[in-house]
Every structure is written in structure tokens, then in C-alpha cells.
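All of the numbers you see were taken from the coordinates with simple rules; none came from a lab. Remember, it's a predicted structure, so these values are computed and weren't measured experimentally. Here the Cβ positions follow ideal geometry from the backbone for every residue, glycine too, while neighbour counts run over all protein chains shown.
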Amino acid sequence: MNSPRTKTMKEAMKILLAVDGSDCGLAAVEEVARNPWPDGSVVKIVSVAEVPVPPAAWAMPMPGNSYEQLEKIIEERSAASIAEAMARFGEIAGAKIEVISKILTGDPKSALLNETERWGADLLVVGTHGYKAFERFWLGSVSRTVLTHAKSSVRIVRGRKNQTAANGPMKILLAVDGSECSNAAVAEIANRPWPRETEVQVISAIHLAFAPTPEVWALPNSYYSQLEKTGREQADVAVNSAALRLRESNAGRETPLTLNGKAITGHAEEIIIEAAKAWGADLIVLGSHGYGGLQRFLLGSVSHAVASHAPCSVEVVRQAHEKES
């Protein structure tokens, strides 16, 4: 008969970890190596060799086999990046998780998206920026593209001065709004193993309507107070529901997660970012879409804003049907 822990913990995961030889890529390696993962999980470390297009016949001629030499140099750099990443990963994680590697070729955005889908990755992990020209992995280029288009969940890693020690406790800020995508983020936290003494702070934004002005038609004050009351009730329900799910998951853990939660008035992205700064969060987790207006958690709005400006790593969780579509 299976133990309670086996029943509650997530099945093995496939984590695709992109590196490019930069400090930010190495920070992503260290973060993945420090996090515990479900039994049987596999980490695939990849590096993209962006080989330039061969010069056209009318272009300035290249002497002899110069293009082939350039291609070889770029591939050797990718191989070196992977070797460095695997060595660092092994130093931290040891042999407790299977690690494989692969050199990808082509445009980094397309190569990572294609490999994520081809391999069936559950989570794609990238750094915030890297080498090549104007820091190719800066959010706004590769990171923004994979965050928006990857069929897997995506973690954007930011290196921190005080990195969590291997198997050391984490501070996870979980942003919820009661939507299906938000619930998927809650389930991800509930079903994964985390370091001992990890803390989870659940927050939800109470987004208030604009106050009336002389330029708009008059509405009774009760209208706005009712909106505020409804918003607060929805936020409280979202927080309490998430906290209940996480408490249930503690029954299957050797060391329970420490939980607290609150609803805060304001714009979601501002609240999440400021809460992460004030608390010193190691990781923000949120769903890819949510409620409010034109889906307030829609990528390009809250999720993208948080990923762009958060002081720590951010994981955007996708539901199963998003990954299949």
C-alpha cells in the first residue's frame, strides 16, 4: 500500500534547463540543482548553438573554410557551456536526479520552444539574460518569447546574492485569484516536494474600481462600497482555498510547509512585486491567466509584468489543456 506521501506528491517531471555560458545561466543551473524534484524526474541541460546563415554568393567572400571553422567554434562553446553546467549541477545535487544534455542549433527562441514540445517538458527554466549582443536572454527577447509561447510552465531565474543553500528552506510567494489557472499554480506547489522548513505566503489582490469623478454620471456611494466588499470577499476566498489545499498537502510531507496568507488592496502586479521585495521571496509562483477585466493574469499583463520586474525568480504555471493546445 502506498504511503500518504506517495499519493500526494507529483509524478516525475521533465525539466528543460537552458544555459549559455553566462552567470545568469549558471544561476539557473544552481537554482534547479538546489530544488528537490519528484522521484524519477529528469533534467535536460541544453545550449543553443546559433550558427550564422552561410554567406550568399554575392556577399563578401570568406577565405577557405572560415565558415566551417566559425560553426565549429560556436558548437564548441555550446558544448563547453553544457559541460560547465553539468559539473556545477553535480557539485550541488550529486547523483540524486538524472541529468542529460543536448546541443540545439538555430535561433534560440525557436530551438527552445521546439525542444520543449518535442521532449514533452513539464517546466522550461531560463535565466534572465545572457551573452550575445545586447544580452540575448534579457526579458524582452528569448525569455519573453518562451514565457509567452512555451507549452510548458516556465521559470525565469534571477541570481541572488544570498542563494538558498542546497536543500535549505525557501520562501515561496504564491499569487492567487481563484481562477482555474491560479488553481493550477496552487496544485503545483501542493504536489511538489520542497526543502525542509519552506514557507509559502499566499496573496491575492483586491482590485478596486476607480473612484467616481465629476466627469462621469453619479452613482451612489453604496455602489463602490459594494464593489470593494465583493472584491475583498473574492480575494479572501481565493487565499483561504489555496491555504486549505496546501495544508492538505502537508499530510504527505515529512516536514510541513509553513503557511500564511492575506488579501491586499491594489493592482495585482504591484502587490506581488512589492510583497516579494518586502518578504525577501526566493520564488514567485502564479498562473498564466486569471480573472479581472480582460483576464488580469493574462500573459502580457500581470504575469509578464511580474516576470519582468520581480526581485526574485518567477514561475508561471500552465494548465494541462494549455500545454496540449
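Quick notes
- Cβ-derived FRET efficiency at R0 30 Å, Glu233 paired with Thr255, nearest 0.05: 0.35
- Modelled FRET efficiency - R0 22 Å, Lys262 with Lys10, Cβ distances, 0.05 increments: 0.25
- 3J(HN,Hα) along region 68-76: 4, 5, 4, 4, 5, 4, 5, 5, 5 Hz, from the Karplus curve 6.51 cos²θ - 1.76 cosθ + 1.60 with θ = phi - 60°, whole Hz, x for Gly and Pro.
- Two-site FRET efficiency, Ala95 against Arg196, from Cβ-Cβ distance with R₀ of 25 Å, rounded to 0.05: 0.80
- Neighbourhood net charge (9 Å Cβ-Cβ; Lys/Arg +1, Asp/Glu -1) for Arg155: -2
- Residue-wise HN-Hα couplings along region 284-289, as the Karplus relation 6.51 cos²θ - 1.76 cosθ + 1.60 with θ = phi - 60° gives them from phi, are 9, 10, 8, x, 7, 9 Hz; Gly and Pro carry x.
- Between Ala87 and His309, the modelled labels are 4.0 nm apart [label points 7 Å from Cα along Cα→Cβ].
- Gained length - Glu71 relative to Asp107, 0.36 nm times residue gap less alpha-carbon distance: 11.6 nm
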